[in-house]
1. Roughly how many debye, to the nearest 20, is the charge dipole of the stretch 40-273 about its Cα centre, given +1 on each Lys and Arg Cβ, -1 on each Asp and Glu Cβ, and no other charges?
2. Please express the shape of the stretch 40-273 as an equivalent ellipsoid: the semi-axes are the square roots of 5 times the eigenvalues of the C-alpha gyration tensor, given largest first in whole angstrom.
3. Find the lysine pairs in the stretch 126-281 meeting two conditions, Cα atoms under 27 Å apart and a separation of 8 or more places or different chains, and report how many there are.
4. Using each residue's phi in the stretch 152-167, evaluate 6.51 cos²θ - 1.76 cosθ + 1.60 at θ = phi - 60° and report the 3J(HN,Hα) Karplus result to the nearest Hz, with x for Gly and Pro.
5. Considering every Cα-Cα pair within the stretch 190-237, what fraction, in whole percent, is farther apart than 14 Å?
6. Which ³J(HN,Hα) values in Hz, rounded to whole numbers, follow from the phi angles of the stretch 191-206 under the Karplus curve 6.51 cos²θ - 1.76 cosθ + 1.60, where θ = phi - 60° and Gly and Pro get x?
7. Show the residues, 5+ positions off or on another chain, whose built amide H is closer than 5 Å to the amide H of F83.
8. May I ask what percent, to the nearest 5, of DSSP beta bridges between residues of the stretch 40-273 are antiparallel?
Amino acid sequence: MIFLAVEPYDPDPVEGATSQASSHYLTKKDFKWIVVVLVVLGAVLSPIYNMALAQRNEYVCKQNLKEIWSAMGIYAQANDDKFPPVFMADQNGNPTIVNGAAVSWVSLVQPEMKNRASFVCPASDKSERSTNLSLSNSNAVVESSYGMYAPYGAFPESNVADPDLVALVGETANAGANNTADPDKFMDGGKPIAQDGFCIGFNDSNDDITHKSKYISRLAFPGTADGAFAGKTEGRHEGGIFVITAGGETIHLTPKQAQFSSDWVPGKPEGIWAVPAGYTK
């Protein structure tokens, strides 16, 4: 036979006395200390979490660009050594729009992308992404937070003079989202086209460099709608954004590099924004 020890019931407990059972419950003082500890832990761990998240976003973004570059190379091999055009033009020369989505280089390159790759940087928000038509399913769209540098649209891959130095694809914002620089919009019937983040152009032209060209448009630098970059923005990643060159090199681009230097020769930008020899549109 098993006997259970039961604490005798005291109908008149002594004031101030604490039973063994009551010690299992939290007092208000205990609860306050727990809250304090949680707040301190949150303050300590939050920066660590944000740093880890930022590093993860940078890694994913760079991997996306690598896969996009690889897919563009596959496209070029199948299309007379030429990169895809920035967009498929309609009869008026504007980007073709189907069901609100642009038929762009994203549409053409998507079939060559690996399943695990993406056209979306995880650090971008939805407002910054352009909507592109999926050619494999006309009812589907492909979001993208990257744009192609216009001078190399439909340009022969093997003819790029310094492939490791010139931009091919970079991080962009669509239609001036987050107050980004988008001064020369694609127009159709006097109205701006809703999708334009697939194209990296210039402040005064989408594809033609003129003597008035001062900076690159649609790059993902918030707060640059007035064309002033230095000291005003950092981009999606610490200190800037990422671009990939025609040779597959990933470059961290600062806001200052979105502007042409004061000694720039009109029509012939140098460095990462250099254009093909004899380039005219």
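Just so you know, all these numbers are worked out from the coordinates, no wet-lab data involved. The shown structure was predicted, so the numbers you read here are calculated from the model rather than taken from an experiment. Virtual Cβ from ideal backbone geometry, glycine too; neighbours counted across all protein chains shown.
1. Numbers: 17 positive and 26 negative charges, 108 e Å.
For the stretch 40-273, the charge dipole is close to 520 debye.
2. Values: eigenvalues 134, 96, 71 Å².
Listed largest to smallest, the semi-axes of the stretch 40-273 are 26, 22, 19 Å.
3. Step by step, the pairs that qualify in the stretch 126-281 add up to 26.
4. Running phi through 6.51 cos²θ - 1.76 cosθ + 1.60 with θ = phi - 60° gives 9, x, 6, 8, x, 4, 6, 9, 5, 5, 10, x, 7, 10, 9, 5 Hz.
5. Numbers: 645 of 1128 pairs.
Percentage above 14 Å: 57.
6. So the J values, rounded to whole Hz, are 10, x, 6, 5, 10, 8, x, 7, 10, 9, x, 10, 5, 10, 6, 7.
7. A154, F155, E157
8. Details: 27 of 30 bridges.
That works out to approximately 90 percent antiparallel.
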